Amino acid sequence: MESRSAQSAPQRPATAAPTAVECNRLAALFNAGRFAELEDHARQLIGRHPESGFVWKMLGVTLQVQGKDALAAMQKATLLMPNDAGAHSNLGNTLLSLGRLDEAAASFRRALTIQPYLVEAHYNLGLALKALGKLDDAAACYRRALAVKPGYVEAHNNLGNALRQLGRTNDAAASYRQALALKPDYMEAHNNLIYALRELGLSDEAAACCRRALALNPDHAETHDNLAHVLSDMGERDQAIISYRNVLALDPTWLGSGAACWLTVLYFLKEDWVQCRDMLITSQEVKGIGTEEYMHGRIYRNCVARLLRYFEQYGALNAQAGERDHLYVIGESTSLTAHCATVDYRGRKMRGKAEWIVGCKQWHLGNDVANQHKSRFESIAAALPSRSTILLSIGGLDCFPGKGILEICQKNPAASLQDVALATIGGYVAYVSRIVAPYGHRAIVGGVQAPCIGLVQSLPDTAQQLVAFVRLFNAILKEKARAAGMDFLDIYAMTDRGDGIASDDWYIDLYHLLPRAFPEAFDKHCLGCD
């Protein structure tokens, strides 16, 4: 006779639903933050209740919180509970984290069909739509979330981000302020407000915002970085250097990468060659980051590295600034290449002194919108000695391939390159004339150099359009400048080898002229208005 101990114990049949006690235990583990234990318990329950959508939902949530693959569990929960808004919203969150944006948006919409006032689904749908570039739709989602939950600070902040990308910077600033009214220590909103204020040209207010944020968190590297940029916008170079050095000390392997690049340029402008060389070394050693602003910083840093080698080769570092009158060169990175260059202008020996405006296009100065570039230009004009001589080295970015006017016309095929160029240049020349006149400054309008052969060869599909457009742009710029009573420095005529392309001999890299180009241009290609 078979012994009783040898017989298998009877198996409990699987059932669809766990007991209320079992469900309550899952919820209690989640609320206690005991996620690993919750995962183990949920898996055990699934073995007994494989058709329980609630258990699958809890498993998915705890996997997601732990950074584990939650997709299969989330999908199973929605299959078993097709009318559960929370399950669809959770699936949307998982898909969003995986970058499957269209699917995430569909899940959030399904959740909202079931439960129209599910605030998190409105908010997260906004995140998905913003990532898809549907900014108006994203803003509408954030507003619907705020209609349900007016105190939702993250929704105020992200509404500001969407509005800022839409160019509605004043409205964005209002959203960031609302977020800060609800949560004064919200550092992300502080820094987003700083970005908006910078774009509006409100540098004093942006600096005050930085300092308020740093009073809350003195070691916040991003805020120190923003303060450095604002101080640089204001022309407060010594203070900007202190702030960039704070960034480098606090975050040497991330934001410090960009800070070291900006420091390289600021020391170059101060003609502190020892510190400039030190920062060239430092900016090589720190880890690079991929943000657009860092990429710009790296371009400037690499340009300065080449300029410093050039100056060392030709002994330009030994020239004393006091030996010459100043030629104030206002512009983007092209102003750096004229820094320290010695030119002859109207019988005077002059030495280039760069007044750098990061990212400045003619479009920024010629349009009707207040911005940081106008603010900086106007502060430079006011700070210079009266009756100064200015070289305007602005326009290269307006002609840059894939940016500026070419980009505008690519996005709007109905727009004419000539019409957009006429409007841009006309507004720019009129603005500059109006700003410099009260100070008696003499403004020389610098042309845009012909694109170098190396750049043209790197653009097989668009090179012909670029070459033709740069020729057109310079022709209009020359006409408008001389009509406004300004001298014109025809750098294009100097660099054009006859086919609208420049020899690499004029260039220090693919985008910037050698310093020797400026004395050559003033000697042979400066067209007086009288």
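The values are calculated or read from the model by the stated rules, or taken from the named source; none is laboratory data. Remember, predicted model here, so these are calculated numbers, not experimental data. Ideal geometry is used to build each Cβ from the backbone, glycine not excepted, and the neighbour counts take in all protein chains shown. Note: accessible area is taken over every heavy atom of the protein model, side chains too, but ligands, DNA and RNA are not part of it. Shrake-Rupley method; radii C 1.70, N 1.55, O 1.52, S 1.80 Å.
Straight Cα distances below 29 angstrom link LYS183 to the lysines LYS130, LYS134, LYS149, with same-chain residues fewer than 8 positions distant left out.
How much of the DSSP beta bridge set in the chain is antiparallel, as a percent to the nearest 5?
If I count the DSSP bridges inside the chain, around 30 percent turn out antiparallel.
Ordering of 211-220, 393-402, 409-418 by packing is 393-402, 211-220, 409-418, highest average first (other Cβ atoms within 10 Å, averaged per residue).
Between GLU285 and ALA249, residue separation times 0.36 nm minus the direct Cα-Cα distance comes to 11.6 nm. Based on C-alpha pairs under 8 angstrom that are at least 6 apart in sequence, the chain has a relative contact order of 7 percent. Taking packing as the residue-averaged number of other Cβ atoms within 10 angstrom, the listed peptides 31-42, 133-144 run from highest to lowest as 133-144, 31-42. The GLU236 and THR113 beta-carbon pair, evaluated with R₀ = 45 Å, returns a calculated FRET efficiency of approximately 0.25.
Just how far, in whole angstrom, is the stretch 80-126 from the stretch 206-271 if you go by their alpha carbon centroids? After rounding, the separation between the Cα centres reads 40 Å. Packing, as the average of other Cβ atoms within 10 Å across residues, places the peptides 462-469, 266-273 in the order 266-273, 462-469, highest first.
Considering only alpha-carbon pairs that sit under 8 angstrom and 6 or more positions apart, the relative contact order computed for the stretch 49-157 is 17 percent.
Stretched out straight at 0.36 nm per residue, the stretch from ARG48 to SER458 would grow longer than its current Cα-Cα span by 141.2 nm.
The residues of the chain present an accessible area of 46 Å² per residue when probed at 1.4 Å with all protein chains retained.
The lysines whose alpha-carbon is closer than 25 Å to the alpha-carbon of LYS374, local same-chain residues fewer than 8 away aside, are LYS270, LYS353, LYS361, LYS403, LYS478, LYS480. Between ASP499 and GLU479, the FRET efficiency estimated from the beta carbon spacing at R0 = 25 angstrom works out to 0.70. For the stretch 87-151, the Kirkwood radius over C-alpha pairs fed into Stokes-Einstein at 37 °C and 0.692 mPa s yields D = 294 µm² per second. How much of the accessible area of the chain, in percent, comes from carbon and sulfur atoms when a 1.4 Å probe is used? Whole-percent figure for carbon plus sulfur exposure: 51. Using the Cβ-Cβ distance between ARG212 and ASP102 with R0 set to 30 Å, the FRET efficiency works out to roughly 0.15.
Cut-off 17 Å, label point 7 angstrom out along Cα-to-Cβ of VAL369: give me the residues of the stretch 117-148 whose amide nitrogen falls inside. Label zone hits: 135-136. Spin-label pair ARG306-TRP273: with each label point 7 Å from Cα along the Cα-Cβ axis, the two points sit 2.0 nm from one another. Computed extension gain for MET295 through LYS403, at 0.36 nm per residue and net of the alpha carbon distance, reaches 37.4 nm.
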